[in-house]
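The values are calculated or read from the model by the stated rules, or taken from the named source; none is laboratory data. As the structure is a computational prediction, the values presented were derived from the model and not from experiment. A quick note on method: Cβ atoms are made from the backbone with ideal geometry, for glycine too, and the neighbour counts reach across all protein chains shown. The area values use the complete protein model at the heavy-atom level, side chains included, leaving out ligands, DNA and RNA. Shrake-Rupley method; radii C 1.70, N 1.55, O 1.52, S 1.80 Å.
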Amino acid sequence: MRLRKRVLNNKTYPSYVSQIEPKKVEEALKDECWVNAIHEELNQFVRNNVWYLVPRLDDCNVICTKWIFKNKIDDQGTITRNKVRLVAQGYTQVEGIDFDEIFTPVARLESIRILLMVACT
């Protein structure tokens, strides 16, 4: 564990970061730095109001989740932040049962450049 300075809203706060990247949740729960990162991720869900609890239905497949743990590194190669993501294991879904269609809004940089070029002309 190493002490780092974090700047938020033009104020410097001391923060601790872990030097390891755990592979399992059990390893992460033993380290206070990763526990704080997990709480930050869960608080983002609550703050953005992106999920709500629903009762489990018998005829639906339950999609499991997985925690991803990464250390964010700056230009000098020092670890600045412990980042945690909760991701859905969407490969367990079955088309026609769990979903009907997929829409993923992704814009490529080339598409944005063409759009801006057309808008400028």
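Values as computed for the structure displayed
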quantity: Residue-normalised accessible area of region 16-107, expressed per residue, 1.4 Å probe, Å²; calculated: 81 Å²
quantity: Overall form of region 53-114 per C-alpha gyration tensor (a/c, 1.5; a/b vs b/c); calculated: oblate
quantity: Sites matching trypsin sites (Lys or Arg not before Pro) across region 41-121 that sit in DSSP coil, with at most 14 neighbouring C-beta atoms within 10 Å; calculated: R56, R108
quantity: Region 43-102, accessible surface, carbon-and-sulfur percent (1.4 angstrom probe); calculated: 51 percent
